[in-house]
1. Please build a GNM for the chain, connecting alpha carbons under 10 Å apart, and tell me which residue among Ala109, Ala55, Ala47 fluctuates the most.
2. Suppose the chain between Ala43 and Leu118 were pulled fully straight at 0.36 nm per residue; how much longer would it get relative to their current alpha carbon spacing?
3. If neighbour count is taken as other Cβ atoms inside 10 Å, put Leu260, Leu212 in order from fewest to most.
4. How far is helix 49-61 tilted off the main Cα axis of the chain, in degrees rounded to 10, range 0 to 90?
5. Sort Val251, Val163 so the one with the fewest other Cβ atoms within 10 Å of its own Cβ comes first.
6. For the stretch 103-112, take each phi angle, set θ = phi - 60°, evaluate the Karplus expression 6.51 cos²θ - 1.76 cosθ + 1.60, and give the result in whole Hz per residue in order, putting x for glycine and proline.
7. Starting from the Cα coordinates of the chain, work out the convex hull volume and express it per residue in Å³.
8. Which value in deg cm²/dmol, rounded to the nearest 500, describes the helix-derived mean residue ellipticity at 222 nm for the chain, given -39,500 (n - 2.57) per DSSP H run of n ≥ 4 and division by the residue count?
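No lab work stands behind these numbers, since they all come straight from the coordinates. Quick caveat: nothing in here was measured; it's all calculated off a predicted structure. Counting neighbours? That spans all protein chains shown, and the Cβs are built from the backbone with ideal geometry, glycine included.
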Amino acid sequence: MSDQTVEEGNGRSSGWLQRIWNTTSVPVGAVLLAALIGAAILAISGANPLDAYAALIKGSFGDSAAFGRTLEKATPLVFSGLAVAFAFKAGLFNIGAQGQLLVGAIVAAYVGFSIEGLPAIIHAPLALIAGAAAGALYGAFPGALKTYTGANEVITTIMLNYVAINLTDFLADGPWKDLTPGNVVARTPKIMDSAAIPFIGDIPVGFLIAILMAVVTWWLLWKTTIGFEIRTVGLNPHGAQYAGIKVAFTVILTMTLSGLLAGMGGAIETQGIVGRFQPGFNANLGFDGITVALLGKTHPFGVIPAALLIGAMKAGSSQMQFSADVAKEITDVIMAFILFFVAADMIIRWILRSRAEGEKITLSSGWGS
């Protein structure tokens, strides 16, 4: 083997490692810095940070049941994160994943409890498709408003979140309310067993569907003409228009598919976790998708570990509360700091750059001595 071949191999290896570092340095730095600040807050409140974090890890990964709970919490976050990340690729900021998820969740519940006599092989997919379609329609609406009226999708999706919250509350406490004697809670009836998405041991099948949809999303964005057009519109809509891409159609399609992903997440939450729609059980799942998407660098495969991290924090927060006497809200504080540092990535980059410059100075003085 020649020296040139070895050098080329080393160059490719270092280039690959550099790309990984460039991709992961900010998210990892954000998580670590948020964890340090969280530890300081725990210490100030009188708790032992090491005990608290140990309890958090035990509650999320301590055994197969704990790991299953983490996957349960992560499943809708994968979908909402994919929804936000997918819209980002077209230069759109979909703040409406929460509303789209809620609409998908309650429509899946309706199909799940209102249709009898269907085999599971038909009923479960039918409810899932219905929830995804409801989310898609709810996502298409702000896309159409942006295209034909110029309305900002951030504003319209935020407003539509409130419409979805109140609409689903009305349905769950009105025409679709569970009329079981003694029930006073706003919720739909329990879905049929034939509409439920099962578990494989402690592993929710819904999480496997989420992984599959992440792969499909990646394939659509990077291996198809539609995906190329979506990414081109996101980079330069005027250039895309000049190149012959139908920008208006692409914007509506992107928001529709983004809503479909969020709606599917809501449907799986209903069919695979809760077993019915009940207001409050789906709270903030769509908003947490923004954190997941940003932490995952808006890449479909980056969304998965980001969702697992947030899911683990949610799953282990109860164990942290009982074992270390720490309020569950501390995990929300840590997640807020993660989002802050990912969004304000200049802070992380400044820390990394300062460290790198310090290492260079040390190295130079060492060689010169």
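1. The residue that fluctuates most here is Ala47.
2. 21.5 nm
3. Neighbour counts put them in this order, fewest first: Leu212, Leu260.
4. That works out to roughly 50 degrees.
5. Ranked by crowding around the Cβ, least crowded first: Val163, Val251.
6. Each residue of the stretch 103-112 in turn: 4, x, 5, 6, 5, 4, 5, 4, 5, x Hz.
7. 211
8. Helix contribution divided over all residues of the chain: -26000 deg cm²/dmol.
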